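Each remark here refers to the structure printed beneath this line.
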């Protein structure tokens, strides 16, 4: 469902992502990790078609993001760490607007369960300025889910959520993976990735250090320790760099 081949992203003379290849299949949740400046956000934005790759190819649900952008973007949703909302549209109006963009007929039947799932149904007629940071994040996620994307990219999805909201978000991601969605999740919270992800991709200075099933990557860096966790794997793989 996600096929990335030799992805490279340059900003002038600086190479943020260098020759990275990987694939994510339906039902898999890939944790994207790396030190600060490793190229995680640039990778996600190239995957979603928000910025163009300098080289390489990205295919989403069989569509090339560079040459068949509309079809690729119809199949995906990108959830940034900072929600981008319209100040003068209510929660309900946001959903109406997104439904018109994606041509979602009868979207009310999809929107209401999402509002209830993320517990903001009682805020449907409020403006973003009346919502907490966590509620804004939930609204942005609901907008992204409205067209029922098959591929999802999450960049720090738990920002601003309270403990109950974090639990519900983890459950929501896991459930959608079970239903066949293809998900990439970037987060500094390694315990979250260990709980939710089936696979991991580790970047350092824009290059791939390791990728594969979490158990297989852990075994590679375990040094014989059968109980090594993802945090320890990350430290060993990146030489102790901070996330």
Can you tell me which residues in the range 206-222 are within 15 Å of residue 238 (Cβ to Cβ) and over 20 Å from the mean Cα position of the chain (by Cα)? 217, 218, 220, 221
Test residue 75 against the stated conditions and say whether it is closer than 20 Å to residue 177 by Cα, out of contact with any helix residue (DSSP H, G or I) (no Cβ under 8 Å at 6 or more places or on another chain) and buried (at least 16 other Cβ atoms within 10 Å of the Cβ). yes
Which one of the conditions (1) in contact with a helix residue (DSSP H, G or I) (Cβ under 9 Å, 6 or more places away or on another chain); (2) assigned to a loop (DSSP other than H, G, I, E, B) does residue 67 fail to meet, given that it meets all the rest? (1)
For the subset of the range 155-207 comprising residues that are at pLDDT 90 or above and in a loop (DSSP other than H, G, I, E, B), which member is surrounded by the most Cβ atoms within 10 Å (Cβ to Cβ)? 197
Considering (1) surrounded by 21 or more Cβ atoms within 10 Å (Cβ to Cβ); (2) within 16 Å of the chain's Cα centre (by Cα); (3) assigned to a helix (DSSP H, G or I), say which one residue 234 fails and leave the rest. (2)
Restricting the search to the range 1-40, which residues are part of a loop (DSSP other than H, G, I, E, B), at pLDDT 95 or above and closer than 23 Å to residue 191 by Cβ? 27, 28
Is it the case that residue 127 is farther than 19 Å from residue 76 by Cα and assigned by TED's automatic domain parsing to the domain that holds residue 31? no
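The values are calculated or read from the model by the stated rules, or taken from the named source; none is laboratory data. Small disclaimer: the values here were computed from a predicted structure and weren't measured. Glycine also receives a Cβ, built like all others from the backbone with ideal geometry; neighbour counts cover every protein chain displayed.
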